[in-house]
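The values are calculated or read from the model by the stated rules, or taken from the named source; none is laboratory data. None of the values given here were measured: they were computed from a predicted structure. As a convention, Cβ positions derive from the backbone with ideal geometry for all residues, glycine included, and neighbour counts pool all protein chains shown.
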């Protein structure tokens, strides 16, 4: 089993939306994907966890503005949003040459 990223440190956000952040293998390296589970499709990435979260803030603003413009209900931020940090492992699957990516929750605030 190979650990892609062993630790991601993030600050708890101010009032806002729940966040999930996880590393993903990209070529020979790793990128970090951040998303708001309560805002379907609101996802971003970056080369570091902080960059992924900064990009997610931009994506969130565009997402919410799109909802407003289309007259759809706009979710309200939470007073205490949760941050779920996942880490990824690559497991060698039973069949030769096949890999399986598994996620484990390593931090929850």
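Taken over segment 33-53, the criterion of being surrounded by 15 or more Cβ atoms within 10 Å (Cβ to Cβ) and in a loop (DSSP other than H, G, I, E, B) is satisfied by 36, 39, 42. Considering only residues that are under 13 Å from residue 56 (Cβ atoms) and in contact (Cβ under 8 Å) with a residue 40 or more places away in the chain, which ones fall in segment 16-33? Selection gives 16, 17, 18, 19, 20, 21, 22.
For (1) more than 12 Å from the chain's Cα centre (by Cα); (2) under 18 Å from residue 66 (Cβ atoms); (3) surrounded by 12 or more Cβ atoms within 10 Å (Cβ to Cβ); (4) modelled with pLDDT of 85 or more, each residue gets a yes or a no:
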residue	(1), (2), (3), (4)
5	yes, no, yes, no
14	yes, no, no, no
26	yes, no, yes, no
31	no, no, yes, yes
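Is it the case that some residue within segment 59-67 is at pLDDT 85 or above, closer than 16 Å to residue 21 by Cβ and outside any strand (DSSP E or B)? Within segment 59-67, one or more residues are at pLDDT 85 or above, closer than 16 Å to residue 21 by Cβ and outside any strand (DSSP E or B).
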